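Report on the structure given below.
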Amino acid sequence: MELVYTAEQNAFRAEVREWLAQHIPAEPLASFDTSEGFEQHREWEKTLAKGNWGMVTWPKAYGGRGCNLIEWLIFEEEYYRAEAPLRVNQNGIFLLGPTLMEYGSDEQKARFISKMASGEEIWAQGWSEPGAGSDMAAIRSTAVRDGDEYVINGQKVWSTRAVFADWVFCIFRTDPESSRHRGLSFVFVPLDAEGVTVRPIEQLNGLPGFAEIFFDNVRVPAFNRLGEEGEGWKIAMSTAGFERGLMLRSPARFQQSAKRLVELYRQKRQDILDSSIEDSVVRCYMDAEAYALSTYQTASRLMAGGSIGAESSCNKIFWSELDLHIYSTAMSLLGARAEIIPEQGAADDELGSWLDGFLFAQSGPIYAGTNEIQRNIIAERMLEMPRG
Amino acid sequence: MDFTFNQDQMAFRDSLASMLADAVSSESIRARWQTQSGFNRDTWQQLAEMGITGMLVPVAVGGMQMDEVDFVMLAEECGRVALPEPLVDIAQVSTRMLAELVQANPAFAEQGNALLAQLADGSALVIAGHMINPYQNFASEADYFLLPHGEEVHLLSRDQVSLTAHKSLDPSRRLARIEWTPAAETRIVDGQQGALLWRAALNRGALGAAAQMLGLAQAMLAQTVQYSCDREQFGKAIGSNQAVKHLLADCAVRIEFARPVVYRAAYTTSVEPQRADCAVSHAKTAAASAALLCARHCTQVHGAMGYTWECDLHIWAKRSWALDKNWGDEGFHKNRIHEWLLNPRALFGAEYTFGASNTAFDLGLESGKPEEVCA
């Protein structure tokens, strides 16, 4: 155990900090759930890609830097410290990218990865259906093989970023006789294909952060299938592992929120009558740090040849509840002002960022597998309790 | 940056675990409850022969000169079996304090080194009676006491103190209040030197309690998972019900996010014990929170059995309730962190997780100088 950064790691941090200071847009970008903001964020992805900062853990051949997990953590720490724009292509680079590298053919990697990396193609995720939410194996949308193509029919829902994105990665039933998790395949669909209809769904903040997607005899080449036919469930589970595990929510995000919370607390604490606030602030700070320490520990273990298992379900519960706690505490500190939506461009924009975060935090325990499903996974796979 | 234990540390942990599995069972713990002393001298001698009582004692006086990182998983194992003997306090607090007293006061070297050698070979018990703990565990078994007068450190032998026994909610603990009279002859160091020593002792004691609670929590969870698989109601194992699964999954989450915090505190304590306040307070709070949640949920899952003297679970639950208040309670430890959060010179942020001196670079972008970190 040596909890000290090496000289190389400190040099890397300095390099990241300097680049971000020089390149982060001076004006905050509009929300990526507006068409204007989406394009601004796409531009930012392109800027990151030009500096090879888009996906630091990816191999150099794909535009990355071949960074190890500790360097990735350092990059993320600097990224959130600098309050750089959110990643509009996170579904692509954090989830699909690693999955493509594991399961994609060389031709598929050549076709999809570089455009994902460059920000030219932004990806949405299409897994849930009206009848297949937590029970994802209940998927009914079909992709039927017809020569060199699949013909897709059905409906996906809660597809994050699908309103403005270019592509969606989906799971369809390719074997109509199959049931549950057998007979599913992992297929990419361009969102401008004929027969695709995207219906935006407004989230709690009034913006269309996700969408329903309808497929009416949509034809895509068989080339768009990742892995073998029928392997969709297995591949999706490995993607879900990335999602719940390390990559989706790096600890720096929560440490930055906790730091801002402490700053807010220092300003407001004299005016606060609720004596539980002090305890909440201390716990938020500690839990953000605990999540960081846990991630460093996992990263060290993985780098020493270990693996990540059902404990990633612990992560998802912990960070989503932490996020709620941080933003609920901030709302308490703001008191009656907490409900105010600031005027666009007003100086009081700090109010808005807490409210936005508070609303978004409500989704944490739901997306990427509800926390109830995570608790089942922990009980059955980590504790080996009997299945229900 | 490396957050893993090495092969030697894991092998040492495994060999202690296997020794404890043979030497300490719920039967042997209950047998101790029937005795006056509550202390098993054979077990203690075995621990001494393995080198564990003297693990942190300097090599020159018969110890192994290892550190808190080497010891933290051993303390966790002591908690896992609910070891009644005060191994963690003796091996991690008393030994370090004696060694520091030898450094601070050369006139004490001969006696101090002799005591260290006796601690290492198991022939003497020295208890560090920190002011934060009004009752001392196993004081009646101790040969010597390190006691505070203000912040001075005094050394007293058993016949220089008078003890008043108090029963603990945990039948494995044997508590006493110590009455004594400070004198010039008993003083080893003055208040100025003593302050730092007591501060480090508190951090080592709280770290030890945290590591034990981490072990207690895991033991309670493991027993209860097993019980939930064995116990049937409505024709199926109670552990197949989501309501039961979710109680235990929450325990698992709390444990997962206490473990690295405790290990980090061990590291910081070994490197810089006087600056480990926040790391240790976080560890104590996180481990207590895991142990208390396990005590609560595991008792619940055991149903009425969980509320009986016969069911073993209370061996671990009661230790958790006791250690939660030992070496500083939740309020004390959260307050140390709160004070730091309000310190205008405090540095936070992800880049300071491992301390400011660790992030040893300055791009000239900082407005202030990094000075205070929660080490």
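Every number here is computed from the coordinates shown, using simple stated rules; none is lab data. Quantities reported herein were computed from a predicted structural model and do not represent experimental measurements. Backbone-built Cβ (ideal geometry, glycine too); neighbour counts: all protein chains shown.
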Checked region B:14-27 for anything surrounded by 18 or more Cβ atoms within 10 Å (Cβ to Cβ) and either within 14 Å of chain A (Cβ to nearest Cβ) or outside any helix (DSSP H, G or I) (or both); matches are B:24
Can you give me the number of residues within region A:1-27 that are away from every other protein chain (no Cβ under 14 Å) and either under 22 Å from residue A:210 (Cα atoms) or charged (D, E, K, R) (or both)?
1
Tell me yes or no: at least one residue of region A:28-48 is away from chain B (no Cβ under 14 Å), among the small types (Gly, Ala, Ser), farther than 21 Å from residue A:298 by Cβ and part of a loop (DSSP other than H, G, I, E, B).
yes
Residues A:290, A:336, A:330: which one is without any contact (Cβ under 8 Å) to a residue 60 or more places away in the chain, assigned to a helix (DSSP H, G or I) and crowded, with 22+ Cβ neighbours inside 10 Å?
A:290
Among the strands (runs of 3 or more DSSP E) lying completely within region A:151-224, list those that include at least 1 residues that are surrounded by fewer than 17 Cβ atoms within 10 Å (Cβ to Cβ).
A:184-190, A:196-201, A:210-221
Count of residues meeting criterion [part of a helix (DSSP H, G or I) and free of Cβ contacts under 8 Å to residues at least 60 places away in the same chain] in region A:1-25
10
Residue A:234 - would you say it is in contact (Cβ under 8 Å) with a residue 12 or more places away in the chain, assigned to a helix (DSSP H, G or I) and among the basic types (Lys, Arg)?
no
Candidate set from region B:96-121 (those that are closer than 27 Å to residue B:322 by Cα and out of contact with any Gly (no Cβ under 8 Å at 6 or more places or on another chain)); member that is surrounded by the fewest Cβ atoms within 10 Å (Cβ to Cβ)
B:96
Select from region A:309-327 the residues that are facing chain B (nearest Cβ under 10 Å), crowded, with 24+ Cβ neighbours inside 10 Å and charged (D, E, K, R) and list them in ascending order.
A:316
Checked region B:304-344 for anything touching a Cys at 6+ places or on another chain (Cβ under 8 Å) and within 14 Å of chain A (Cβ to nearest Cβ); matches are B:336, B:337, B:340
Top-ranked residue of region B:279-297 - restricted to ones that are surrounded by fewer than 24 Cβ atoms within 10 Å (Cβ to Cβ) and touching a residue at least 12 places away in the same chain (Cβ under 8 Å), ranked as nearest to residue B:320 (Cα to Cα)
B:292
Looking at B:73, B:64, which one is outside any helix (DSSP H, G or I) and aliphatic (A, V, I, L, M)?
B:64
Are there any pairs, at least 6 apart or on different chains, whose C-beta atoms fall under 8 Å, with the first in region A:366-388 and more than 7 Å from chain B (Cβ to nearest Cβ) and the second buried (at least 19 other Cβ atoms within 10 Å of the Cβ) and basic (Lys, Arg), and if so, which?
A:368/A:244; A:368/A:316; A:369/A:244; A:369/A:316; A:371/A:316; A:374/A:244; A:374/A:316; A:380/B:245
Sort through B:10, B:50 and tell me the only one that's within 14 Å of chain A (Cβ to nearest Cβ), within 20 Å of the chain's Cα centre (by Cα) and aliphatic (A, V, I, L, M).
B:10
Does region A:293-308 hold any residues that are part of a helix (DSSP H, G or I) and either facing chain B (nearest Cβ under 7 Å) or touching a strand residue (DSSP E or B) at 6+ places or on another chain (Cβ under 7 Å) (or both), and which are they?
A:293, A:294, A:296, A:297, A:300, A:301
Could you please give the count of residues in region A:157-173 that are in contact with a helix residue (DSSP H, G or I) (Cβ under 7 Å, 6 or more places away or on another chain), under 17 Å from residue A:35 (Cβ atoms) and not polar (S, T, N, Q)?
2
